[in-house]
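Have a look at the structure below, then the notes.
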Amino acid sequence: MSMATLVDIPFDKRHTCWFCGEPSNLSFEYPAQPSTPHPSLTVPACKECLQLARKHRLTSIWDCRMAVKDDLLRLYAKHLAIGINWTPEELAESEFSCKILSGFRENAWMMYEIARDRVNAPGWPLSLDGVLLDDHGHSSGFSFDGLDFRSVNAAINHYGNSLSLDKDLLAKLLGLLGRERFGHAVRLCRMHIGVSQEMKRRLLQDIAEELASD
C-alpha cells in the first residue's frame with residue numbers, strides 16, 4: 001500500500017474541510033486498495049467529518065465523501081427543516097416570547113444556513129502534484145440493477161435493508177472489490193448471513209490476499 005500524499009490545496013481553501021467547507025486543522029488519510037481508482041491520499045477534514053469519513057471508506061474518496069454528506073443530512077435534519085418550514089422574515093416577525101423560543105427565533109436561520117452550506121459544500125477538484133484525478137464517475141451517483149442512487153452508501157442501505165444483509169460487511173467488501181462488482185459483493189453477503197464475525201473477518205482477509213496476488 002503506497003504512502004498517502006496530501007492533495008493539492010487551493011490558496012483560498014487552506015485550513016478548509018474538503019468534505020463540508022468548515023474550518024479544518026485535521027486531515028483524513030484514504031489508503032488505496034487494488035480496486036481504488038486513485039492513489040492513497042490525504043484530504044483536509046474537520047473533526048466531525050474526519051470521524052464520519054473513517055466509518056465510510058467505501059470504494060473511493062468520492063464515495064466516502066458522499067457517505068459523509070448522507071450522514072450530515074441525517075445528523076442535521078432538524079436544522080435543515082427550518083428552511084422548509086420558515087423564511088427569515090417569518091422568523092423575525094414571529095411572536096415567540098419565552099426565553100427558549102426567542103433564542104430559537106434569533107438563531108434558527110443561522111443554524112439552517114450553516115447546515116445547508118456544509119451539506120452543499122462542493123469541495124474542490126482533487127489533484128496530486130498538479131495532476132488532476134479522474135473521478136471515473138464516482139461523484140455522480142450510482143446505478144445498479146435498474147435503480148439510481150444518490151451514492152453507493154445509499155445503495156448499501158437499500159440492499160442491506162431489503163435483503164437483511166450486514167451493511168458493514170457489504171461496505172468493506174465493496175472497499176476491496178470496487179463498485180463495479182457491487183452484485184458480487186451482494187451475493188457474498190447473502191452467502192454469509194448469520195455467520196460469525198470471525199467468518200466475516202476471514203472472508204475479507206481471503207479476498208484482500210487474493211486481490212493482492214493478482
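Remarks
Conditions (1) under 12 Å from the mean Cα position of the chain (by Cα); (2) free of Cβ contacts under 8 Å to residues at least 12 places away in the same chain; (3) open to solvent by 10 Å² or more (accessible area, probe 1.4 Å), marked per residue:
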| position | (1), (2), (3) |
| --- | --- |
| 29 | no, no, yes |
| 37 | no, no, yes |
| 41 | no, no, no |
| 52 | yes, no, yes |
| 56 | yes, no, yes |
| 60 | yes, no, no |
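- With respect to being closer than 26 Å to residue 49 by Cβ, touching a helix residue (DSSP H, G or I) at 6+ places or on another chain (Cβ under 8 Å), in a helix (DSSP H, G or I) and open to solvent by less than 80 Å² (accessible area, probe 1.4 Å), residue 208 falls outside the description.
- Subset of region 147-191 that is in contact with a Gly (Cβ under 7 Å, 6 or more places away or on another chain) and within 22 Å of residue 52 (Cβ to Cβ) - its residue that is modelled with the lowest pLDDT: 150
- Residue check, residue 109 surrounded by 17 or more Cβ atoms within 10 Å (Cβ to Cβ) and at pLDDT below 90: yes
- Pairs where the first residue, in region 190-204, is over 21 Å from residue 161 (Cα atoms) and the second is open to solvent by less than 100 Å² (accessible area, probe 1.4 Å) and assigned to a loop (DSSP other than H, G, I, E, B), C-beta under 9 Å, 6+ apart: 199/192; 203/192; 203/195
- Neighbours by Cβ (under 6 Å, 6+ apart or cross-chain): first from region 1-23, farther than 13 Å from residue 61 by Cβ and open to solvent by less than 100 Å² (accessible area, probe 1.4 Å); second in a strand (DSSP E or B) and of a type in the set (A, V, I, L, M): 17/45
- Criterion violated by residue 176 - all others in (1) free of Cβ contacts under 8 Å to residues at least 40 places away in the same chain; (2) buried (at least 16 other Cβ atoms within 10 Å of the Cβ) satisfied: (1)
- Subset of region 120-158 (residues that are hydrophobic (A, V, I, L, M, F, W, C) and surrounded by fewer than 18 Cβ atoms within 10 Å (Cβ to Cβ)): 124, 128, 131, 132, 144, 147, 149, 154
- Taken as a whole, the condition of being free of Cβ contacts under 8 Å to residues at least 12 places away in the same chain and either of a type outside the set (Asp, Glu) or closer than 17 Å to residue 57 by Cβ (or both) applies to residue 168.
The values are calculated or read from the model by the stated rules, or taken from the named source; none is laboratory data. As the structure is a computational prediction, the values presented were derived from the model and not from experiment. All Cβ positions, even for glycine, are placed from backbone atoms using ideal geometry, and neighbour counts span all protein chains on display. What goes into the accessible areas is simple: the full protein's heavy atoms, side chains included, and nothing from ligands, DNA or RNA. Shrake-Rupley method; radii C 1.70, N 1.55, O 1.52, S 1.80 Å.
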